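Inspection log for the structure reproduced underneath, given as structure tokens.
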Amino acid sequence: MTVPPLGFGTAAIMGRVSRRRGLAALERAHAAGIRHFDTARSYGWGEAERVVGAFLRGHARDDIRLVTKCGIVPVRRSAMLRAAKTMGRLALSLAPGLRARGRRIATGSGFRPTYTADPAALAASLRTSLGELGVSYVDVLLLHNFSPAMARLEEVAAWFAELKRSGVIRQHGFSVEGDLNEGLSFLARQNLLAGSVIQAPVSEAMLNLAKEWRDVPIIAHSPFEFLRGQSRIASFADLLRTVGETCRCEALVCSMFSPDHLAANVEAWRKSR
């Protein structure tokens, strides 16, 4: 059994989490020994990567495994968007019970991103990511929210291969938010799975992978959402051990913006080893 390392997820930065709070959390995670950091072009309505980039400037690049994603294009930055995010964070700080209402506003048509697998759009997204992050390469680039219904996947795969040859990315892969077995089967049939990293939420499917998928590198996320929805696995430490036993998990990504949450997760990880 290999217990996967903890990864830090940045989806909330510049959304419900401010730049200052996000930077502080990133630094705490690094000080606690976390070296896998997960972001995306769409996180924080396109602003999370810039905060991650500010964090990265204070640390050795080769000491960090940096994952980002392309394929979801955020709305253009605007004064209205900035005001909405500021007011939303203020409302949540004063009345946490408004979180559901905040989500409804955030997913309204005015703030809704667009989805694409067009290689030209993906290339533009990656150029922006590299600039915002302040790096010349990323360790893993994922196609965000992949589904078997997407067109032009062969072109995307060819683009990934070119990026690897040029050193802009070290690995490529697919973020599978739908049915994991269906996604893996489709990618295998299309000869797109070999050499790919798969990112997916922790699920019963992940914990019961067929033998043919056991060697596929997986980045798991959303462990606590999974734990809340079932009863057979009692704790985060137990889940870490189970993931390590059932798949080739390269990291288990959590959002850890509270110092207490970070400390508890790191302690559970240490005990599970």
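Laboratory data are not the source of any read-out in this text; all were calculated from the coordinates shown. Just so it is clear, the structure is predicted and the values come from calculations on it, not from any experiment. As a convention, Cβ positions derive from the backbone with ideal geometry for all residues, glycine included, and neighbour counts pool all protein chains shown.
Sorted largest first, the spans of the alpha carbon positions of the stretch 176-273 along the three principal axes are 44, 25, 23 Å. Here the Kirkwood formula puts the hydrodynamic radius of the stretch 112-242 at 16.1 Å, using every distinct Cα pair. Here's the picture: charge each Lys and Arg Cβ at +1 and each Asp and Glu Cβ at -1 in the chain, and of Gly183, Thr242, Gln230 the one pushed furthest to the positive end of that dipole is Gln230.
Can you give the Rg to Rh ratio for the stretch 211-258, taking only C-alpha atoms and Rh from Kirkwood? Could you put the intermediate results ahead of the total?
Working: Rg = 11.4 Å, Rh = 11.6 Å.
Taking Rh as the inverse mean 1/r over Cα pairs, Rg/Rh reads 0.98.
Placing unit charges on the Cβ atoms of the charged side chains and taking the dipole of the chain about its Cα centre, the candidate lying farthest along the positive direction among Phe55, Ala123, Ser272 is Phe55.
Nearest 500 deg cm²/dmol is fine: what mean residue ellipticity at 222 nm does the chain get from its DSSP H runs of n ≥ 4 alone, each adding -39,500 (n - 2.57), divided by its residue count?
Values: 11 runs with 120 residues, N = 273.
Estimated from H runs of four or more residues: -13500 deg cm²/dmol.
When +1 charges are put on Lys and Arg Cβ atoms and -1 charges on Asp and Glu Cβ atoms, the dipole computed for the chain relative to its Cα centre reaches about 1040 debye.
Would you mind working out the magnitude of the charge dipole of the stretch 178-235 relative to its Cα centre, with +1 at each Lys and Arg C-beta and -1 at each Asp and Glu C-beta, to the nearest 20 Debye?
Dipole about the Cα centre, nearest 20: 120 debye.
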